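> Before we start, here is the structure in question, set down as structure tokens.
The values are calculated or read from the model by the stated rules, or taken from the named source; none is laboratory data. Since this is a predicted model, take the numbers as computed values, not measurements. Cβ placement follows ideal geometry from the backbone for every residue including glycine, while neighbour counts extend to all protein chains displayed.
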Amino acid sequence: MQKHDKSNMQEVWEKLVGFGIKPMGSDNLQRAGEYLYQVMAEICDQVEIHQYQVPCWEVKGWRLEDQNGKEIKSYLFLESGSSEKFEGYVEFAGYHRVWDMYVWRRYKIVDAEGRICAYITVRENEGAIPQMLFAKSDLPHFMVGSKEEAILKEAEKSRALLRGFAETKINKSGYCRNLSGEIGEGREKIILCAHYDTVYSTVGAYDNAAGTAVVLETARQLTQYGLNKKIEILLTDGEEFNLKGARFRAAEERGDISFVLNIDGVGREDILEVWCGPETFERKVRAVLDKSKEKFIPRYICPPPPGSDHAPFYEKGIPVCMLTFNDQGILHTPEDIIEKSKLRNMEKMVRLNLELLERIGVIQRDTN
């Protein structure tokens with residue numbers, strides 16, 4: 001196996017993190033995309049930017065506080081509604097399904113006239129982070145952590161008021177921009193992908209600047225192999241907003257994709273989550289990873305959960321595999337920053353990608 005250049009991958013990673021917070025439609029993300037285009041042009045053929053006009057949600061500010069004015073740590077869900085100000089009593093409102101993966105407790109804020117004026121979802125066993133809101137609410141919808149639920153329960157019991165505001169807007173002239181390039185020839189292809197956008201609360205070193213840098217380093221190493229299939233390198237926008245970029249790409253699928261390998265998150269942990277399907281394809285992936293000499297603890301999940309860019313392809317019947325060294329403690333938080341421990345797993349992920357592609361038969365060692 002070819003030795004990869006750590007310094008090159010680290011440079012891409014640090015440069016991408018250096019663009020700052022990069023939500024879909026932001027100037028920072030556009031600048032990051034322009035940089036990634038230049039990197040891809042040095043590696044791939046037929047590099048293109050695919051631009052789609054979409055409404056882009058933006059957040060300007062928010063606050064949730066108790067009746068004494070003490071702030072309750074919170075984030076707004078992506079695509080939450082706005083309110084200049086609200087005040088009301090806390091009542092349990094049932095449950096909130098997030099990404100078809102989690103079901104968390106939900107509360108409502110009810111004003112003096114009995115009208116719901118905001119919602120609060122509690123992230124179970126973890127702290128608050130931004131996540132996609134699938135409920136399509138026109139009202140503010142906050143997330144708080146499990147520790148903050150005690151405040152909600154006490155307010156509900158004592159009929160104490162909660163208040164706050166949420167300032168958001170929709171940019172109707174926003175864009176979602178995917179980048180793609182090709183390596184090799186032939187009609188049949190695989191897609192190697194990662195998303196390069198972030199939520200509004202983090203620079204996203206782990207999620208997913210690391211995954212983007214890993215995909216580009218894997219692509220750079222692929223030029224030193226013989227290819228049995230064409231490989232499309234795909235960097236997607238809008239993953240955090242219900243996989244918008246991946247959905248656009250999957251809608252253009254023409255029946256020539258053998259499988260999709262998605263890298264989403266390279267954190268500090270030793271557990272390698274493998275979201276894979278269908279089972280026939282998972283067996284091929286498992287046969288490689290279970291015999292790998294790399295040190296990691298595999299955690300296989302089949303069928304693959306829907307919370308990343310492989311999902312739109314799997315919905316179309318295309319085999320997929322998503323790999324991540326998960327790091328839930330810093331997901332979507334300001335603490336997701338450059339750390340050397342992540343870089344070690346990034347190097348490992350490149351080796352695993354190449355090993356997987358070689359043993360499945362997509363690439364072969366170049367003996368010339």
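> Out of everything in the stretch 295-324 that is under 13 Å from the mean Cα position of the chain (by Cα) and in a strand (DSSP E or B), what residue ends up being nearest to LYS73 (Cα to Cα)? Can you show your working first?
Going through the stretch 295-324, the residues under 13 Å from the mean Cα position of the chain (by Cα) turn out to be 305-311, 322-324.
If we keep only those that are in a strand (DSSP E or B) as well, we get 322-324.
Working: MET322: 32, LEU323: 31, THR324: 28 Å.
The extreme case among them is THR324.
> Among what's in the stretch 91-127 and is of a type outside the set (A, V, I, L, M, F, W, C) and in contact with a Gly (Cβ under 7 Å, 6 or more places away or on another chain), pick the residue that is surrounded by the fewest Cβ atoms within 10 Å (Cβ to Cβ). Steps first, please.
Of the residues in the stretch 91-127, the ones of a type outside the set (A, V, I, L, M, F, W, C) are 91, 94-97, 100, 102, 105-108, 111, 113-115, 119, 121, 123-127.
So of that shortlist, the ones also in contact with a Gly (Cβ under 7 Å, 6 or more places away or on another chain) come out as 106, 111, 123, 126-127.
Working: ARG106: 18, ASP111: 14, ARG123: 21, GLU126: 16, GLY127: 20.
Result: ASP111.
> Can you tell me how many residues within the stretch 195-240 are closer than 28 Å to GLY329 by Cα, out of contact with any Leu (no Cβ under 6 Å at 6 or more places or on another chain) and aromatic (Phe, Trp, Tyr)?
2
> Follow-up. If you scan the stretch 170-204, which residues turn out to be in a loop (DSSP other than H, G, I, E, B), surrounded by fewer than 23 Cβ atoms within 10 Å (Cβ to Cβ) and out of contact with any helix residue (DSSP H, G or I) (no Cβ under 6 Å at 6 or more places or on another chain)? Spell out the reasoning first.
Keep residues of the stretch 170-204 that are in a loop (DSSP other than H, G, I, E, B), which gives 184-188, 196-204.
In the following step, the residues that additionally are surrounded by fewer than 23 Cβ atoms within 10 Å (Cβ to Cβ) were identified as 184-188, 200-201, 203.
The answer is GLY184, GLU185, GLY186, ARG187, GLU188, TYR200, SER201.
> Scanning the stretch 44-73 for residues that are in a strand (DSSP E or B) and among the aliphatic types (A, V, I, L, M), which turns out nearest to GLY88 (Cα to Cα)? Please lay out each step first, then the result.
Start the filter on the stretch 44-73 by keeping residues that are in a strand (DSSP E or B), which leaves 45-66, 71.
Next cut, among the aliphatic types (A, V, I, L, M) only: 47, 49, 54, 59, 64.
Details: VAL47: 53, ILE49: 47, VAL54: 34, VAL59: 23, LEU64: 12 Å.
Ranking the candidates gives LEU64 first.
> For a quick check of your reading of the model, give me the residue pairs whose first member lies in the stretch 44-73 and is in contact (Cβ under 8 Å) with a residue 12 or more places away in the chain and farther than 20 Å from THR202 by Cβ, whose second is surrounded by 15 or more Cβ atoms within 10 Å (Cβ to Cβ) and of a type in the set (S, T, N, Q), with beta-carbon atoms closer than 7 Å and at least 6 apart or on different chains.
Taking only residues 6 or more apart or on different chains, the pairs are GLU48/SER180; HIS50/ASN178; HIS50/SER180.
Results for (1) at pLDDT 95 or above; (2) of a type in the set (Phe, Trp, Tyr); (3) under 21 Å from LYS157 (Cβ atoms); (4) over 19 Å from the mean Cα position of the chain (by Cα), shown as yes or no for each residue.
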position	(1), (2), (3), (4)
ASP100	no, no, no, no
ASP111	yes, no, yes, yes
ILE120	yes, no, yes, yes
LEU133	yes, no, no, no
HIS141	yes, no, no, yes
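> Among the numbered criteria (1) hydroxyl-bearing (Ser, Thr, Tyr); (2) in contact with a Phe, Trp or Tyr (Cβ under 8 Å, 6 or more places away or on another chain); (3) in a strand (DSSP E or B), which single criterion is violated by SER80?
Exception for SER80: condition (3).
> Those residues that are surrounded by 21 or more Cβ atoms within 10 Å (Cβ to Cβ) and touching a Lys or Arg at 6+ places or on another chain (Cβ under 6 Å), I need them from the stretch 130-164; list them, please.
Matches in the stretch 130-164: MET143, GLY164.
> If you check GLU113 against the conditions, is it among the charged types (D, E, K, R) and either in contact (Cβ under 8 Å) with a residue 24 or more places away in the chain or touching a Leu at 6+ places or on another chain (Cβ under 6 Å) (or both)? Don't jump to the end; show me each part of the working.
Working: among the charged types (D, E, K, R): yes; either in contact (Cβ under 8 Å) with a residue 24 or more places away in the chain or touching a Leu at 6+ places or on another chain (Cβ under 6 Å) (or both): no.
Against the criterion (among the charged types (D, E, K, R) and either in contact (Cβ under 8 Å) with a residue 24 or more places away in the chain or touching a Leu at 6+ places or on another chain (Cβ under 6 Å) (or both)), GLU113 does not qualify.
> Inspect the stretch 143-151 for any residue being assigned to a strand (DSSP E or B), β-branched (Val, Ile, Thr), over 18 Å from HIS96 (Cβ atoms) and in contact with a strand residue (DSSP E or B) (Cβ under 7 Å, 6 or more places away or on another chain) and give the result as yes or no. I'd like the intermediate steps shown before the answer.
So in the stretch 143-151, the residues assigned to a strand (DSSP E or B) come out as 143-145.
With the extra rule that they be β-branched (Val, Ile, Thr), the set shrinks to 144.
Next, from what is left, pick out any that are over 18 Å from HIS96 (Cβ atoms): none.
No, the stretch 143-151 contains no residue that is assigned to a strand (DSSP E or B), β-branched (Val, Ile, Thr), over 18 Å from HIS96 (Cβ atoms) and in contact with a strand residue (DSSP E or B) (Cβ under 7 Å, 6 or more places away or on another chain).
Conditions (1) buried (at least 18 other Cβ atoms within 10 Å of the Cβ); (2) modelled with pLDDT of 95 or more; (3) over 22 Å from SER180 (Cβ atoms); (4) not basic (Lys, Arg), marked per residue:
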position: GLY238; (1), (2), (3), (4): yes, yes, no, yes
position: VAL266; (1), (2), (3), (4): yes, yes, no, yes
position: GLY277; (1), (2), (3), (4): yes, yes, yes, yes
position: GLU294; (1), (2), (3), (4): no, yes, yes, yes
position: ASP309; (1), (2), (3), (4): yes, yes, no, yes
position: PRO334; (1), (2), (3), (4): no, yes, yes, yes
position: LYS340; (1), (2), (3), (4): no, no, yes, no
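> I need every pair where a residue in the stretch 273-286 that is assigned to a helix (DSSP H, G or I) has its Cβ under 9 Å from the Cβ of a residue that is among the aromatic types (Phe, Trp, Tyr) and surrounded by fewer than 19 Cβ atoms within 10 Å (Cβ to Cβ), sequence separation at least 6 or different chains.
Correct list of pairs: GLU282/TYR300; VAL285/TYR300; ARG286/TYR300.
> On to the next question. Considering only the stretch 325-355, how many residues are outside any helix (DSSP H, G or I), closer than 20 Å to VAL215 by Cα and either charged (D, E, K, R) or touching an Asp or Glu at 6+ places or on another chain (Cβ under 9 Å) (or both)? It would help to see each step written out before you state the result.
Residues of the stretch 325-355 that are outside any helix (DSSP H, G or I), as a first pass: 325-339.
Keeping just the survivors that are closer than 20 Å to VAL215 by Cα gives 325-327, 331, 336-339.
Still in the running and either charged (D, E, K, R) or touching an Asp or Glu at 6+ places or on another chain (Cβ under 9 Å) (or both): 325-327, 331, 336, 338-339.
Number of matching residues: 7.
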